[in-house]
Amino acid sequence: MLIELKNITKDYDNGGVLTRVLKGVDLSIEEGEFLAIMGPSGSGKSTLMHLIGFLDRPTSGQYLFDGEDTSLFGDDDLAYIRNDRIGFVFQSFNLLPRTSVLDNVALPLLYSNTNPKTHEHRAKVALEAVGLGERLHFMSNQISGGQKQRVAIARALVCDPKVIFADEPTGNLDSKSGSTVMSILENLNKDGRTVILVTHDMNVAMHAHRIVTIRDGEIISDKKVPSSERIHSKALAE
């Protein structure tokens with residue numbers, strides 16, 4: 001099992017007022033799955049993704065990643081996992097605005113153990129994989145929103161991670177660009193990567209093979225999506 005959560009809770013202290021956001025979550029995710037986490041605003045879905053993605057730690061419970069107890073991981077271990085074993089795609093893109101597309105994608109490699117001489121090539125390969133091989137030297141503030149999200153996916157891919165986390169990846173996009181992004185995520189999953197998608201949109205969630213619904217900090221359903229019911233996006237659109 002790649003990811004295993006056991007009775008996970010998460011509390012936040014706001015000026016002495018304790019708020020429990022996650023309330024005893026149990027969740028297992030196998031390597032190679034395409035999973036969507038759904039829920040309304042304030043349900044705890046983004047908090048859950050932040051915990052799974054090592055952007056935060058649980059208040060209590062056990063989190064096993066690839067069979068290892070993550071409570072034993074130090075800051076250096078977590079930094080390595082975040083940079084080399086998982087990739088993040090966010091709704092707001094999080095690109096450096098006055099920096100080239102190529103340099104944005106190569107950025108995670110600066111914090112990896114890879115040979116610096118390979119960085120430019122690896123960034124080019126990642127951009128070609130998302131259909132942006134002709135946009136390498138554009139500034140990131142010179143391209144469309146859909147292209148920015150594809151750059152963000154290329155950046156998430158450049159260290160060849162096992163897991164891709166996508167938090168509302170189509171939220172700021174028109175339907176055509178959103179379809180392109182979902183097509184890329186589908187193909188990454190077909191290539192063997194685990195894709196964990198956070199969304200409030202059922203049409204986006206229906207691309208996944210399994211949908212977990214969270215409400216008020218608790219998982220209320222966990223269902224497989226039959227292949228006949230899944231939504232499949234078209235190939236890359238320019």
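The values are calculated or read from the model by the stated rules, or taken from the named source; none is laboratory data. Because the structure is predicted, anything quoted here is derived from the model rather than measured. When we count neighbours, we look across all protein chains shown, and the Cβ atoms used for this are built from the backbone with ideal geometry, even at glycine. Accessible surface is based on the protein model in full, side chains and every heavy atom, while ligands, DNA and RNA are left aside. Shrake-Rupley method; radii C 1.70, N 1.55, O 1.52, S 1.80 Å.
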Margin query: I'd like the Karplus ³J(HN,Hα) series for segment 205-220: coefficients 6.51, -1.76, 1.60, θ = phi - 60°, whole numbers in Hz, and an x wherever there's a Gly or Pro.
Written below: 4, 6, 6, 7, 8, 8, 10, 9, 10, 10, 8, 6, x, 10, 6, 9
Margin query: Through the Karplus equation 6.51 cos²θ - 1.76 cosθ + 1.60, θ set to phi - 60°, convert the phi angles of segment 101-108 into ³J(HN,Hα) values in whole Hz; use x for Gly and Pro.
Written below: 4, 4, 5, 4, 6, 6, 3, x
Note to self: Can you compute 3J(HN,Hα) from phi for each residue in segment 60-69, using the Karplus curve 6.51 cos²θ - 1.76 cosθ + 1.60 with θ = phi - 60°, rounded to whole Hz and x for Gly and Pro?
What the structure shows: 8, x, 10, 10, 9, 10, 6, x, 9, 6
Check: Roughly speaking, what is the stretch gain from Met206 to Asp75, that is 0.36 nm per residue apart minus the C-alpha to C-alpha distance, in nm to one decimal?
Finding: 43.6 nm
Checklist line | Sequence-distant residues sharing a close amide H with Ile164 (under 5 Å, placed H) | finding: Gly87, Thr194, Val195, Ile196
Checklist line | Label point distance in nm, Glu120-Ser92, each placed 7 Å from Cα along Cα→Cβ | finding: 3.3
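Given 0.36 nm per residue, what is the gain on full extension from Thr9 to Ser221 after removing their alpha carbon distance, in nm?
Details: separation 212, 0.36 × 212 = 76.32 nm, distance 1.77 nm.
Net length gain for the segment: 74.6 nm.
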Check: On a 0 to 90 degree scale, rounded to 10, what angle separates helix 145-157 from the longest Cα axis of the chain?
Finding: 70
Check: What FRET efficiency do you get for Thr19 and Ile231 if R0 is 30 Å and r is their Cβ-Cβ distance, rounded to the nearest 0.05?
Finding: 0.30
Margin query: Considering only C-alpha atoms, what is the centroid distance from segment 21-49 to segment 185-238, in Å?
Written below: 12
Next item on the list: With springs only between Cα atoms under 10 Å apart, run a GNM on the chain and tell me which of Thr19, Thr170, Thr47 wobbles the most.
Entry: Thr19
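Sort 32-41, 177-186 by the packing proxy (mean of other Cβ within 10 Å over each peptide's residues), most packed first. Don't jump to the answer; show the numbers that get you there.
Working: 32-41: 19.1, 177-186: 21.8.
Going from most to least packed, we get 177-186, 32-41.
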Note to self: Among Phe138, Gly74, Phe165, whose Cα projects farthest towards the positive end of the dipole of the chain, with charges put on the beta-carbon of Lys, Arg (+1) and Asp, Glu (-1)?
What the structure shows: Phe138
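Share of antiparallel DSSP beta bridges in segment 40-175, in percent to the nearest 5? Could you put the intermediate results ahead of the total?
Numbers: 3 of 8 bridges.
Roughly 40 percent of the beta bridges in segment 40-175 run antiparallel, per DSSP.
Using 0.36 nm per residue, how much length does the chain from Ser28 to Gln62 gain when fully extended, once their Cα-Cα distance is taken away? Numbers along the way, then the final one.
Details: separation 34, 0.36 × 34 = 12.24 nm, distance 1.17 nm.
Result for the pair: 11.1 nm of gain on full extension.
Rounded to the nearest 5, what % of DSSP beta bridges with both residues in the chain are antiparallel?
Working: 24 of 43 bridges.
About 55 percent, rounded to the nearest 5.
Can you give the local net charge around Ile143? Use residues other than it whose beta-carbon is closer than 10 angstrom to its beta-carbon, Lys and Arg +1, Asp and Glu -1. All intermediate terms of the calculation are to be shown ahead of the outcome.
On the way: positive: Arg135, Lys148, Arg150; negative: none.
Summing Lys and Arg as +1 and Asp and Glu as -1 gives +3.
How big is the dipole moment of segment 1-69 about its Cα centre under a simple scheme where the beta carbon of each Lys and Arg is +1, that of each Asp and Glu is -1, and everything else is neutral? Debye, nearest 20, please. Please list the in-between numbers first.
On the way: 6 positive and 11 negative charges, 95 e Å.
Roughly 460 debye for segment 1-69.
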Notebook entry, point to check: Helix 119-129 versus the longest principal axis of the chain: what is the Cα-based angle in degrees, 0 to 90, to the nearest 10?
Noted result: 80
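Once you charge only the Cβ atoms, +1 for Lys and Arg and -1 for Asp and Glu, what is the size of the charge dipole of the chain about its Cα centre, to the nearest 20 debye? Before the final figure, lay out each step's value.
Working: 26 positive and 31 negative charges, 124 e Å.
Around 600 debye, computed over the chain.
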Next item on the list: Return one whole number: the accessible area per residue of the chain in Å², for a 1.4 Å probe.
Entry: 48
Notebook entry, point to check: Carbon and sulfur together cover what percent of the accessible area of the chain at a 1.4 Å probe radius?
Noted result: 47
Next item on the list: Go ahead and estimate [θ] at 222 nm for the chain from helices alone: -39,500 (n - 2.57) per DSSP H run with n ≥ 4, summed, over the residue count, rounded to 500.
Entry: -7500 deg cm²/dmol
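Let me know the shape class of segment 106-238, please: from the alpha-carbon gyration tensor, a ≥ b ≥ c as square roots of the eigenvalues, rounded when a/c is under 1.5, otherwise prolate if a/b is greater than b/c, or oblate.
On the way: a/c = 2.07, a/b = 1.61, b/c = 1.28.
Prolate.
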Check: In degrees, nearest 10, range 0 to 90: what is the angle between the Cα axis of helix 175-190 and the longest Cα principal axis of the chain?
Finding: 80
